[in-house]
1. Report the label-to-label distance for Y60 and S266 in nanometres (one decimal), using points 7 Å from each Cα along the Cα→Cβ vector.
2. Can you give the % of DSSP beta bridges in the chain that are antiparallel, to the nearest 5?
3. If you put +1 on each Lys and Arg Cβ and -1 on each Asp and Glu Cβ, how big is the dipole of segment 16-147 around its Cα centre, in Debye rounded to 20?
4. Rounded to two decimals, what ratio of Rg to Rh does segment 280-352 give with C-alpha atoms and a Kirkwood Rh?
5. Accessible area of segment 305-402 with a 1.4 Å probe: how many percent of it is carbon plus sulfur?
6. Filter the DSSP H helices in the chain by two things, a Kyte-Doolittle mean of at least 0.5 and an axial alpha-carbon span of 15 angstrom or more, and list the hits by number.
7. Using Cα springs under 10 Å in a Gaussian network model of the chain, which residue among T143, T332, T95 shows the largest mean-square fluctuation?
8. If every alpha-carbon in the chain counts as one equal scatterer, what log10 I(q)/I(0) does Debye give at q = 0.06, 0.09 1/Å?
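The values are calculated or read from the model by the stated rules, or taken from the named source; none is laboratory data. Computed from a predicted structure; not experimentally measured. In this analysis, Cβ positions are derived from the backbone assuming ideal geometry, glycine residues included, and neighbour counts consider all displayed protein chains. For the accessible areas, the whole protein counts, side chains as well, though only heavy atoms, and no ligand, DNA or RNA atoms are used. Shrake-Rupley method; radii C 1.70, N 1.55, O 1.52, S 1.80 Å.
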Amino acid sequence: MRKSLFTLLITLLGTTGYCAEKVYMDKQGVIRWTESREEVALFGANYCLPSACDFRAADYVGGERKQMIVEDLEHFKRMNWDGLRLCFWGDYQNTDREGNLLENEHLHLLDYLIAEADKRDIYMLLSPIVTYNSQWPEMSDTTNTGLAKYYPKNTLIHDEEAIRAQENYMKQLLNHRNPYTGRCLKDEPNILFVELINEPTQFPEDIPGMVRYINRMCKAIRSTGCKKLTFYNVSQDFRVAPAIRKSDIQGSTHAWYPSALNNNYSIEGNGLLFVDRYEQMLHPDLCGKAKIVYEFDATDMASGFMFPAMAREFRRGSIQFAAIFSYDMLRTAPMNLGWQTHFFNMVFTPSKAVSSMIAAEVMRRIPRGKHFGYYPDNKTFGDFRVSYDEQLSELNSGDMFY
């Protein structure tokens, strides 16, 4: 009798399209695999081909976009990456003023990217509201149709019409059925996390207003039946950490660009001096909820020793997912057509690529919360070593040498 009831339950769940989530957050705020109960530790990169400047850059080189996705995700697997951030400019390119979802090539490519990542056991963070103009850097195209065209970034948290448009968009996107997998995005098993909004304008002087916004967006997500872990940005202004603590959100998202952005020249020198402390991740208001890094990079630096050192600090801060911004597509990487201050591709930046492979192992092998002290005492940590003098990052363990 018990077996037949179980079979009936599985059948019913199958007909509703529901699938059990692969991860959950425990009472201490630690993300764990549902099946094994082990801690999650994922590493990879942002990949932006479906939207914005990377979408256009693919056309500039005459690339077939779906084939480019396959090529680049094969690189992810060759580097033993298992994390991917879906940074999707839907607020500019895939909605109307009311937030209704528009079916177009951007959405179709997002669907294809999700399906191809799923085939390769790559796990995803979905960030569907970007807040930065999709036409950068050319700024010559006026085809933006989305809600962001009508609601400036600094109005998204408080303007009632803007909030309704965002709620509408979030619901329709999560309920959108991916033709390549047959599943709604809310049920895609390898999408583990949903970030409400990328780098919002923060209002530390109005924590109650922020909590109301966060809770409304969380409610919109849950109304679809989506059970993904939800996250909200804190690193744009750590003074909003109390909003993370008081709201229904399950975790905080962090970025780290210690060498700043858009320097317009290559940075030389010992970058290890300024990646040994990211103390804000230890903010007490962030305790008890999950933490992930949605973007990081040693910008404008070609060195091959920065990523493992940054990953070491992420583990001290209890980070469980970290994504480089951003992966340069193989076809466009020779010209660095995407994001000028960032340059990363397995073929064209091999030293950084091996460094990233080592950083992925730092995420997996260094215990969450472990601190190895400050520079220069932390140049050796566990099975790892980083050296500015040797221009080197190294993993030397019983089972692996990079």
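1. Result: 2.0 nm between the two label points.
2. Details: 13 of 43 bridges.
Bridges in the chain that DSSP calls antiparallel: roughly 30 percent.
3. On the way: 13 positive and 23 negative charges, 73 e Å.
Roughly 360 debye, rounded to the nearest 20.
4. Working: Rg = 14.4 Å, Rh = 13.6 Å.
With Rg and the Kirkwood Rh in hand, the quotient comes to 1.06.
5. Numbers: 1900 of 3680 Å².
Here it works out to 52 percent.
6. Working: long enough: 2-16 (22 Å, 0.93); 65-78 (20 Å, -1.20); 105-119 (21 Å, -0.15); 160-175 (23 Å, -1.04); 207-223 (24 Å, 0.05); 306-316 (16 Å, -0.51); 350-365 (22 Å, 0.11).
Span-like helices in the chain: 2-16.
7. Evaluated over the chain, the most mobile residue of the options is T143.
8. With no solvent term, the Cα-only Debye profile gives -0.23, -0.52.
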